[in-house]
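To start, the structure under review is shown below, and the notes come after it.
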Amino acid sequence: MSKLTTFFWACLLATCAGFAWNNTGLVKYDGLFLLDMEGKRVSVWGMHVGDSVQVRNWTFTAGLDYIHYNFFLFNEGESVEETWTLDSKGSLSIGNVSISKDFDFFGLDVKVSSLPSVTVSSRFYLPDSLFFARASMGKGLLDLSGLHWKSEWDEDYVPEIDGTFRSIYLMKDFNAGIRLKEHLLQGGFAYGADTPSLDDRWGYVFSDSSHFWGTRANYLYQGQKNEFEALYAYLYADIRLFALTREDGSEVNEKRFAYFPLGIDFNLFKLAYRYKFDRGDALKANLLYATLEMNIPWENRRFYETLAPNKALKNSVLRTLSFSVFQRTFRIYGDIDGKLFYGGLGYEWNLPLSRWHMLLNTDVDYFYGSYEGKLNLRKEKAGMFYMTHQTDFWEKEGYLFGIVAGLELQVQTPSRKFFAGLRLNQIVPLGMKFESKMIEKEPVIIDVPPPEPPPVDPGVIPVVEEETADDMEPLSSLIFRNGFFLGIEVGFWI
């Protein structure tokens, strides 16, 4: 990795040479920080350094991205046996180099990344962009480490898990559009797939075997003073996440201890409007509505349990346990639906400072999100001559609303060749409410392996115990447990 990073740094410095007609450079820092919220914490920040050089109809671009992420989730159960910590933290250094060549009506782009990955794109266009089309295909390897799970119970059978995630992805994308004076109509289609790559990975390994496809269409009007955009996007994903215990020896011993299938349907509708005043200021408005439907299908095959803790044990540990100890498996299936409404207003000021130029942008947006989940939790325990299973029905719904306030400032030199910018976004939640209900079913004991049962209908489950929780936090406790986004950039145009 160090050799690749050195190589990309060398390419970056080379493209900054002055033997070019057009040169563009950018140094950028972005960070998303969600402060601690009762044991839940997420933070992501990164830096980007890039440069672009154009010589005649050739364009050379090089860049380096550094990303640091930290995810922490602490669960405090009723006893030490039910208390655990899940966290994942790490960093990625990704370098990239791209070359673009333009012909009369055709263009070709090649981008190489240190993930590693490679993307090849071709472009076709008519004069004045009356009609244009673009097709691209990319393939790469995603390798992440730092996934950590720890039980607070020292005598737990699986007290600690340190895992890695590795998968090969393939992306294909096609889009085309037409421009008629101030009107632009564009549409596209994308397809992607993930396949596991675990040949040289040992211990606890996570990966997926998934595919997805999506489509989008947008209309853009750019008049002298008015701009209007309408966008629709759809995404379907069929995800198969799994976790393995892999031990190296004379033969590879591989056991699946977690399997999580997931189907996703996502719809996005967006409207945006911008009005430009004579003095250079602009008024903006936007409206967004999104829906998310997730389905966890029923899976009855053996070794495809949602969670099988006994299969996460090493063989040396299993040999010391009796046959009936820790033979518990869990299956989860059901539906989760969510909705998001987001919209607001913004204003842009074009402020001259003597010969310098300052751009000031403010935004105030309102958001409202809600979700509803209906899941079946099936617990199975196998003995020597019997099996016990119990299915509980879990239902939870809630909503969250608030404001996102943004401020962006950019300063440009008199010649507009150099610029520096600052972007701040503050999330201010105004309230949230969650309601949950658990319906338990009496355990069933059978002396033969169970047949393939259909999904449990919640309406016919006998109610043994019902618990309802209404969790409404006051505004004063939310003000200081929100999140913010910070962006800093410095660049030049030559």
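In this calculation the C-beta distance from Phe492 to Trp202 is compared with R0 = 45 Å, giving a FRET efficiency of 0.40. The distance between label points at Met438 and Glu160 comes to 2.9 nm (points 7 Å beyond Cα on the Cα→Cβ vector). Cross-linked pairs Lys379/Lys437; Lys28/Lys225; Lys111/Lys255; Lys284/Lys396; Lys311/Lys379; Lys339/Lys433: Cα-Cα separations exceed 26 Å for Lys28/Lys225; Lys111/Lys255; Lys284/Lys396. Extents of the range 71-162, largest first, come to 71, 25, 17 Å (Cα atoms, principal axes, whole angstrom).
Using a probe of 1.4 angstrom, how much of the accessible area of the range 183-302 is carbon and sulfur, in percent?
56 percent
Phi angles across the range 289-303 convert, under the Karplus curve 6.51 cos²θ - 1.76 cosθ + 1.60 with θ = phi - 60°, into 3J(HN,Hα) values of 9, 9, 10, 9, 10, 10, 10, 9, x, 6, 10, 10, 5, 5, 6 Hz, Gly and Pro given as x. Evaluated with a Cβ-only charge set (Lys, Arg +1; Asp, Glu -1), the range 223-316 carries a dipole of roughly 180 debye about its Cα centre, given to the nearest 20.
The range 174-238 and the range 404-420 have Cα centres separated by 30 Å.
Please work out whether the range 144-290 counts as rounded, prolate or oblate from its C-alpha gyration tensor, where a ≥ b ≥ c are the square roots of the eigenvalues and a/c under 1.5 means rounded, while otherwise a/b larger than b/c means prolate and anything else oblate? The shape class here is prolate.
For the range 73-131, chymotrypsin sites (Phe, Trp or Tyr not before Pro) are listed when DSSP marks them as loop and at most 10 other Cβ atoms sit within 10 Å of their Cβ; the list is Phe103.
The values are calculated or read from the model by the stated rules, or taken from the named source; none is laboratory data. Fair warning: this is a prediction, and the values are worked out from it, not measured in the lab. All Cβ positions, glycine included, derive from the backbone under ideal geometry; neighbour counts span all protein chains shown. What goes into the accessible areas is simple: the full protein's heavy atoms, side chains included, and nothing from ligands, DNA or RNA. Shrake-Rupley method; radii C 1.70, N 1.55, O 1.52, S 1.80 Å.
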